[in-house]
Amino acid sequence: MKALSLLGSTGSIGTQTLDIAAQYPDQFRIVGLAAGRNVELLAQQVRQFQPLIVALSDADKLPELKAAIADLSPQPTLLAGQEGLIEVARCAEADVVVTGIVGCAGLLPTIAAIKAGKDIALANKETLIAGAPVVLPLVKQYSVKLLPADSEHSAIFQCLQGVPKSGLRRILLTASGGSFRDLPTEKLAQVTVADALKHPNWTMGRKITIDSATLMNKGLEVIEAHYLFGVDYDQIAIVIHPQSIIHSLIELEDTSVLAQLGWADMRLPLLYALSYPDRIATNWEPLDLVKIGSLTFREPDHEKYPCMQLAYAAGRAGGCMPAVLNAANEQAVALFLDEKIRFLDIPRLIEQTCDRYQSQNRSAPTLEDILAADDWARRDVLTASQPLIAATH
Ligand code: MG
């Protein structure tokens with residue numbers, strides 16, 4: 001039986017994790033829940049899973065949550081704001097903390113969880129991309145496990161079981177190609193938020209679905225793979241695989257290639273992160289290769305999707321540059337989702353902000369350096385986007 005604390009319980013990752021916990025009550029117990037502002041769903045989750053501690057980021061809505069669960073006995077500890085999030089992350093009873101919060105907001109709670117000795121089921125890639133120079137040494141220092149819940153990194157992690165470190169030559173990250181993979185490049189200038197949110201294969205949150213449409217998601221995953229598996233950027237390649245059945249592959253030194261396959265269902269990588277190193281028997285639909293019929297692959301189009309190259313460049317620059325790239329992307333995507341800028345403004349704004357960034361502490365940035373870089377990049381994108389916002393309204 002593993003005790004789980006869940007950050008971002010009302011989001012896509014959070015609700016799927018709770019589906020797993022509900023399905024396997026003899027394997028998993030929920031001890032902590034943290035959500036942003038969806039009081040109604042959080043209250044329902046508290047009733048169903050009876051955690052010990054609950055946090056709501058939006059402190060103004062705490063009375064509403066209190067009222068919604070007033071009849072429960074015993075009452076969980078109720079907290080609000082960033083401090084509440086951190087308390088849920090370091091909950092004494094938790095064995096594993098699932099980080100399902102969107103964006104760099106997951107960084108401080110993840111650090112708190114590591115310092116409290118918790119294993120991390122990493123469903124928030126931004127944490128590692130921005131914070132790796134600080135997070136990775138802490139993972140080592142506190143001897144905790146960083147278990148990837150991202151489908152590609154779970155695939156690589158699964159393939160790597162039993163492979164000696166010297167045996168790995170190359171990582172092949174598969175990409176669905178996102179919402180616009182079959183759209184001609186010249187049509188990208190006119191696409192809307194609604195178009196971009198129609199992902200062909202995966203049901204995910206809004207931010208990551210836009211990242212999939214720009215292929216920044218894949219670029220961020222390249223950086224994530226570099227940090228998780230200690231592989232050079234030259235040894236991480238992207239291949240477009242429209243069916244999303246192969247979730248990624250590894251090539252070994254003898255040219256053998258190993259892949260992990262499954263339906264495009266986030267519950268599988270989540271389950272493995274939670275059950276590692278065990279395998280839990282499920283009644284989920286088994287993969288049917290005959291039904292799928294064919295698996296196809298193509299070269300990624302870097303002209304159409306410049307975000308992949310921006311991510312490789314930021315990853316190679318190292319230091320705070322991945323944090324700058326990530327924050328610029330988060331800000332640009334937020335502006336796009338608010339219909340303030342156009343789709344093609346996203347890569348332009350990110351590139352300009354990365355170009356303007358003056359690296360302070362290249363080799364070994366501190367947490368303060370990273371947070372300052374993150375903050376600077378968000379403000380820089382906001383400033384740079386002003387003329388674009390004026391032009392579209
Ligand atoms: Mg992924």
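So which of 123, 113, 149, 105 ends up being under 22 Å from residue 266 (Cβ atoms), of a type outside the set (Lys, Arg), crowded, with 24+ Cβ neighbours inside 10 Å and more than 16 Å from the ligand (Cβ to nearest atom)?
Just a single option satisfies the conditions, and that option is 113.
Evaluation of residue 157 against the conditions (1) in contact (Cβ under 8 Å) with a residue 60 or more places away in the chain; (2) away from the ligand (no atom under 14 Å from the Cβ) shows that the sole unmet condition is (2).
Here is a yes/no grid of residues against (1) within 14 Å of the ligand (Cβ to nearest atom); (2) in a loop (DSSP other than H, G, I, E, B); (3) not small (Gly, Ala, Ser):
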| residue | (1), (2), (3) |
| --- | --- |
| 135 | no, no, yes |
| 153 | yes, no, yes |
| 170 | no, no, yes |
| 181 | no, yes, yes |
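Scan the range 213-225 for residues that are closer than 26 Å to residue 136 by Cβ and either near the ligand (Cβ under 9 Å from one of its atoms) or part of a helix (DSSP H, G or I) (or both) and jot them down. Don't jump to the end; show me each part of the working.
Of the residues in the range 213-225, the ones closer than 26 Å to residue 136 by Cβ are 215-225.
The answer is 216, 217, 218, 219, 220, 221, 222, 223, 224, 225.
Taking the conditions (1) without any contact (Cβ under 8 Å) to a residue 40 or more places away in the chain; (2) more than 23 Å from residue 332 (Cβ to Cβ); (3) within 14 Å of the ligand (Cβ to nearest atom) in turn, residue 142 satisfies each one other than (3). For residue 263, the stated conditions do not hold, so it cannot be described as within 14 Å of the ligand (Cβ to nearest atom) and either out of contact with any helix residue (DSSP H, G or I) (no Cβ under 6 Å at 6 or more places or on another chain) or of a type in the set (Ser, Thr, Tyr) (or both). Scanning the range 273-330 for residues that are of a type in the set (Val, Ile, Thr) and part of a loop (DSSP other than H, G, I, E, B) yields 280, 282, 296.
The set of residues in the range 60-78 that are in contact (Cβ under 8 Å) with a residue 24 or more places away in the chain and surrounded by 14 or more Cβ atoms within 10 Å (Cβ to Cβ) comprises 61, 64, 65, 68, 69, 76, 77, 78.
Just the residues that are under 19 Å from the mean Cα position of the chain (by Cα) and in a loop (DSSP other than H, G, I, E, B), please, taken from the range 183-212. Spell out the reasoning first.
Going residue by residue through the range 183-212, those that are under 19 Å from the mean Cα position of the chain (by Cα) are 196-212.
Within the range 183-212, 197, 198, 199, 200, 201, 202, 203, 204, 205 meet the criteria.
Residues that are of a type in the set (S, T, N, Q) and within 18 Å of residue 248 (Cβ to Cβ) were ranked within the range 164-182; the one that is modelled with the lowest pLDDT is 176.
Residues that are part of a helix (DSSP H, G or I) and closer than 14 Å to residue 101 by Cα within the range 1-41 comprise 12, 13, 14, 15, 16, 17, listed in sequence order.
The values are calculated or read from the model by the stated rules, or taken from the named source; none is laboratory data. Every value quoted in this text rests on a predicted model; they were computed, and no experiment measured them. No Cβ is skipped: glycine too gets one built from the backbone with ideal geometry, and neighbour counts run over all protein chains shown.
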